[in-house]
Amino acid sequence: MTTTQNILFPVDFSKSCVAMAAYVKRAAAIFGARVTLVHVFDLYSHDGFQLYVRPLSEVAEEQQNLARDKLDSFLKFEFPLVECPRILSSGDAAAQIVQLAKTGRFDLIIMPTHAGLFRRMLLGSTTAKVLNDADCPVLTTQHAETISPRQLEHREWVCAIGLDADSERVLRYASQAAGAVHANLTLVYVIPASGPDLPVELDLEERLQSVKRQAAIRRIEELQSAAGSHALVSIAIGPIRDMLIEAARRLRADVLVIGRSPQSGVLGRLRDLSYAVARDAPCPVLSV
């Protein structure tokens, strides 16, 4: 059974993190989970001139004390210190967050993405590295500064479903997590449309799509049976990214669940399509 009891909230004191607090509080409320804040700072981020007048150890200690004071005072009303632990770490932000999530046995990481028109802008971010390397699910959104979470009573989840073997894992997680928070779950499978330059006759294209639709329905039934899921199913035809985003918008989804590779590997857990969905979705994206 999928449970979410411990949420890790990495903070860098940015406006995006401040705005993300509402989503973290919503997730903690519906899951009944505890939130831990973590800040990773550069131990040796200082004016080089300081090294000429003060020992390195003294400068580093001062940096640590300043970071601790800033962390303890950040969002202290939203996340009281007596209820929400705060962890200070130094080094590479993404590596430290991933390691802490693993050793601390956190069930979910929640952090904002940085808005941008190009994939490379997301690839270079700490969030992208966490998405690639973290073992636990990661909830991201780039809309925290402009869109507030819906009321707690509104719980609509959408899960992007494939037909491969790993889809059962994604579906099982989405089904159990949605069930735990009493959310309505809709599965969305997209049949890619033939390219406009392909010489396919209209009636043949329609027959091919019908065959693909029936095959998808049978396979999704098998996956739902194996995962113990009874979610509604929506099948769309068109560009995968556009259809998933449109489905999330049409269904007024609170969360869009997508799958990541179970192994990080050389290429990372996410692929181009997953990056595009995480970047452009109209709601938070839960990558599992």
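Every number here is computed from the coordinates shown, using simple stated rules; none is lab data. None of the values given here were measured: they were computed from a predicted structure.
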Residues whose modelled amide H sits under 5 Å from the amide H of Val255, counting only those 5 or more places away in sequence or on another chain, are Glu156, Val158
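Sort region 126-259 into rounded, prolate or oblate with this rule: let a ≥ b ≥ c be the square roots of the eigenvalues of the Cα gyration tensor; rounded if a/c is under 1.5, and if a/c is not under 1.5, prolate when a/b is larger than b/c, oblate otherwise. The partial results should precede the final answer.
Working: a/c = 1.82, a/b = 1.50, b/c = 1.21.
Prolate, since a/c reaches 1.5 and a/b exceeds b/c.
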Fully extended, how many nm does the chain gain between Glu78 and Asp92 (0.36 nm per residue separation, minus their Cα-Cα distance)? 2.4 nm
